[in-house]
């Protein structure tokens, strides 16, 4: 019988041995490698918002995971959310439902903590889709020549950020978080790690004693046999006004003599409008004459664990100024506590849970697709057209689409 319990320091060596085989890219091949990893994990254990849990059967550790307590801006409302990472199962015990047991515990744990939303980065999207996680915003990778960025910004306000600027950088991030759906609060340790990571360079737009934008970046060789041929990798780009963005782009544009391409990983679907030439240098054509501008991928996935609870927390959110009574049935076989029907009375966009089922429009869909619909990464009209959502009154499709349409898709820059 499976037991999931919190890992102690004494369990870490066994867990690291499992990680070494589950994540070969970590290169945990020597005793020194594993000792350094153990120290990093001990640092994580010391953070009150991180929790290591292990899966045991007959007293043997078969796998584990790292849980993260988050505060998330969801539709302009701060919500508790739970994240999970480092999910690993021993190679000898694959296909024994170990990952399923861990994720089931993860969902129950955060619902008991009062969270209504959970999220993760999937090692395989299809695996977690079966467990009820819905796709988040896609990420676009652009490879931009420096001189294709817009010019004209005030580069003189761009300076290197030092550890003494940590609070200013954090304040800039918090301002961006407050107005950006999907962003997660940055912990003090995460903020400090921006400066302690030796691979990072940080520049900020600093004026009148305030930082209103910053870039965290590093370098990567663009050609193995040419040491002066490098790409600049933008790891984090945060800005709170147009002047800061323009100034930061002016800084990047000025690197044209040294930098081959600037690599942006962005969830901004309109990013290509910024660029003089958005092509990525591949010279690929998509029929008939569409020039390849970027590569795209799915990553962060969202999952609601308490459907009526999240609508109660979003009581002040305006769902499209629409008025209707919706009977929402969410199919959630993996987490039966959330396999339920909820009646929501929307009045001028404001939701209220009710027991009155008179004149309801009934909607049914999976928890994965509902989670994506709620955060705004998919339109209801598309789910209905694809046969992924059912509605009792087809004439109500447009109304429900307006209910759940968001001004922006969620943006999240937090790796975990």
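The values are calculated or read from the model by the stated rules, or taken from the named source; none is laboratory data. Not measured: the values here are computed from a predicted model. Backbone-built Cβ (ideal geometry, glycine too); neighbour counts: all protein chains shown.
If I go through the range 181-208 residue by residue, how many of them are part of a helix (DSSP H, G or I) and in contact (Cβ under 8 Å) with a residue 60 or more places away in the chain? Selection size over the range 181-208: 2. Pairs are defined by a Cβ separation below 6 Å, a sequence spacing of at least 6 or placement on different chains, a first member in the range 392-408 that is in contact (Cβ under 8 Å) with a residue 12 or more places away in the chain, and a second member that is in a helix (DSSP H, G or I) and surrounded by 15 or more Cβ atoms within 10 Å (Cβ to Cβ); the pairs so defined are 397/381; 397/384; 400/380; 401/380; 401/381; 404/373; 404/380.
Which of the following residues is within 16 Å of residue 327 (Cβ to Cβ), in contact with a helix residue (DSSP H, G or I) (Cβ under 9 Å, 6 or more places away or on another chain), crowded, with 17+ Cβ neighbours inside 10 Å and at pLDDT 95 or above: 373, 383? Of the residues listed, the single one that is within 16 Å of residue 327 (Cβ to Cβ), in contact with a helix residue (DSSP H, G or I) (Cβ under 9 Å, 6 or more places away or on another chain), crowded, with 17+ Cβ neighbours inside 10 Å and at pLDDT 95 or above is 373.
This table checks each residue for (1) assigned by TED's automatic domain parsing to the domain that holds residue 234; (2) loosely packed, with under 13 Cβ neighbours inside 10 Å; (3) in a helix (DSSP H, G or I).
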| position | (1), (2), (3) |
| --- | --- |
| 126 | no, yes, yes |
| 132 | no, no, no |
| 151 | yes, yes, no |
| 156 | yes, yes, yes |
| 165 | yes, no, yes |
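Residues in the range 37-60: is at least one in a strand (DSSP E or B), over 27 Å from the mean Cα position of the chain (by Cα) and in contact (Cβ under 8 Å) with a residue 60 or more places away in the chain? Looking for residues that are in a strand (DSSP E or B), over 27 Å from the mean Cα position of the chain (by Cα) and in contact (Cβ under 8 Å) with a residue 60 or more places away in the chain, one finds none in the range 37-60, hence no.
When 92, 119, 79, 66 are checked against the criterion of being surrounded by fewer than 19 Cβ atoms within 10 Å (Cβ to Cβ) and outside any helix (DSSP H, G or I), 79 stands alone in meeting it. From the list 413, 354, the one residue that fits, being buried (at least 20 other Cβ atoms within 10 Å of the Cβ) and modelled with pLDDT of 95 or more, is 413. Identification of strands (runs of 3 or more DSSP E) wholly contained in the range 282-336 with 2 or more residues that are surrounded by fewer than 13 Cβ atoms within 10 Å (Cβ to Cβ) yields 294-297. Among the residues examined, residue 265 does not qualify as over 17 Å from residue 147 (Cβ atoms), loosely packed, with under 14 Cβ neighbours inside 10 Å and at pLDDT 95 or above. Tell me yes or no: at least one residue of the range 312-319 is assigned by TED's automatic domain parsing to the domain that holds residue 184 and either in contact with a helix residue (DSSP H, G or I) (Cβ under 9 Å, 6 or more places away or on another chain) or in contact (Cβ under 8 Å) with a residue 24 or more places away in the chain (or both). There is no residue in the range 312-319 that is assigned by TED's automatic domain parsing to the domain that holds residue 184 and either in contact with a helix residue (DSSP H, G or I) (Cβ under 9 Å, 6 or more places away or on another chain) or in contact (Cβ under 8 Å) with a residue 24 or more places away in the chain (or both). The set of residues from the range 1-25 being under 21 Å from residue 43 (Cα atoms), part of a loop (DSSP other than H, G, I, E, B) and more than 25 Å from the chain's Cα centre (by Cα) comprises 7, 8.
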